[in-house]
Amino acid sequence: MCAKLQICSKQEKSVAELKALIFDVDGTLAETERDGHRPAFNQSFADTGLDWNWTPELYGKLLEVSGGKERIRAYVQDYLTDFQLPAEFSDLDAFIKHLHANKTKYYKQYAADGKIPLRPGVERLLNEARSEGVRLAIATTTTPANVQALLENTLGADSLNWFDVIAAGDMVPKKKPAPDIYEYALEHLDLPADHCLAFEDTNNGLLSATPTGLKTVVTVNNYTKAQDFTGAKLVLSDFGTPETPFNVLAGDAGDGTYFTVNLARQLCA
Ligand code: XBP
């Protein structure tokens with residue numbers, strides 16, 4: 001009798017039903033580091049009369065620090081030996097704030113100029129989730145202004161309303177890899193982590209999502225493909241499309257060739 005009850009209890013064990021998809025932005029929804037942030041940082045430096053040039057190789061190293069303001073500070077402290085604060089700035093914080101605000105201006109312009117397209121399969125997946133009643137959220141380190149610029153210029157003005165929660169930037173005290181931004185997103189979704197799935201592109205992002213109990217799907221890019229994604233539920237080259245299949249780098253995508261809500265349900269169960 002007991003053995004039978006145990007079998008029953010296992011079969012009755014509730015399978016976590018997928019309720020929401022939580023997306024990182026930079027590197028996940030779009031190749032924003034390559035197409036937006038890095039050139040915007042360099043343009044801001046040039047405007048300010050600095051000879052700083054963040055090459056793709058250097059930027060790949062600087063990306064270990066989440067947050068544009070934090071990244072500039074790390075660059076000054078770790079890479080510049082003879083840095084002199086320009087006289088017109090009262091302190092380093094004011095200088096960084098100026099550089100970052102100017103950089104954000106350029107990022108938003110690049111998005112408006114159509115220079116930052118979504119990654120393959122992103123728009124299809126977002127619309128499939130919406131049609132199947134799966135909620136959407138964002139958990140990103142970049143600023144709300146950058147999220148708005150990217151979404152409006154790729155998906156249209158109404159797309160901001162597709163997301164029940166847009167958790168971004170300085171809304172939380174500690175940025176990725178701290179879990180704060182995903183904790184914020186889950187709290188404002190009012191959902192338990194096991195009913196949600198996170199989507200990331202970096203090790204920092206995976207480290208941020210995992211302690212909250214979220215399972216994470218990683219889509220790599222050139223900046224992150226060599227990083228450690230131990231603990232990710234699935235690691236893919238990208239979301240794939242019916243015409244261009246994804247490559248499964250780790251985990252089990254079943255017989256799927258591109259990412260769908262049904263695959264998300266299987267991963268969440
Ligand atoms: C990536 C980041 C951000 C961007 C730059 O965030 O670390 O800081 O590189 O954007 P995520 P800001 O992967 O969490 O989307 O300059 O606005 O910080």
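The values are calculated or read from the model by the stated rules, or taken from the named source; none is laboratory data. All figures in this text were calculated on a predicted structure; none of them were measured in a lab. Cβ coordinates were reconstructed from backbone atoms using ideal geometry, including for glycine residues, and neighbour counts include every protein chain displayed. Heads up: the accessible areas ignore ligands, DNA and RNA and are worked out on the full protein's heavy atoms, side chains in. Shrake-Rupley method; radii C 1.70, N 1.55, O 1.52, S 1.80 Å.
Brief remarks on what is shown
- Distance between the pseudo-spin-label points of Lys174 and Leu249 (7 Å out from Cα toward the beta carbon): 2.6 nm.
- Qualifying GluC sites (Glu not before Pro) for the range 106-150 [loop in DSSP, other Cβ within 10 Å: at most 16]: Glu132
- Pairwise FRET efficiency - Gln84 versus Thr257, Cβ, R0 = 51 Å, nearest 0.05: 0.40
- Over the chain, the ratio between the Cα radius of gyration and 2.2 N^0.38 Å evaluates to 1.09.
- Residues His37, His188, His195 ordered from highest to lowest accessible area at a 1.4 Å probe: His188, His195, His37.
- Label-point separation, Glu187 to Asn222 (7 Å along Cα→Cβ), nm: 3.9 nm
- Heavy atoms of Asp158 accessible to a 1.4 Å probe, total area in Å² rounded to 10: 90 Å²
- Alpha carbon Rg of the range 34-112, scaled by the compact-globule rule 2.2 N^0.38 Å: 1.03
- The string of couplings for the range 249-264 from the Karplus curve (6.51, -1.76, 1.60, θ = phi - 60°) is 8, 6, x, 10, 9, x, 9, x, 10, 8, 7, 10, 5, 5, 5, 4 Hz, one whole number per residue in order, with x for Gly and Pro.
- Principal-axis tilt of helix 122-131 within the chain, Cα atoms, nearest 10 degrees: 50 degrees
- Of the solvent-accessible surface of the range 169-269, computed with a 1.4 Å probe and all protein chains present, 50% belongs to carbon and sulfur.
- Note on Ser131/Ala16: beta-carbon distance plugged into 1/(1 + (r/R0)^6) with R0 of 25 Å gives a FRET efficiency of 0.70.
- Residues whose placed amide H lies under 5 Å from that of Leu136, excluding near-sequence neighbours: Leu21, Asp164
- Percent accessible area from carbon and sulfur atoms, the range 34-112, protein chains only, probe 1.4 Å: 47 percent
- Beta bridges per DSSP with both ends in the chain, % antiparallel, nearest 5: 15 percent
- For the chain, the residue among Thr143, Leu214, Thr202 whose Cα projects farthest onto the positive side of the dipole built from Cβ charges is Leu214.
- Accessible area per residue for the chain is 48 Å², calculated with a 1.4 Å probe on protein heavy atoms, without ligands, DNA or RNA.
- Separation of the Ala145 and Leu160 label points, Cα + 7 Å toward Cβ, nm: 1.3 nm
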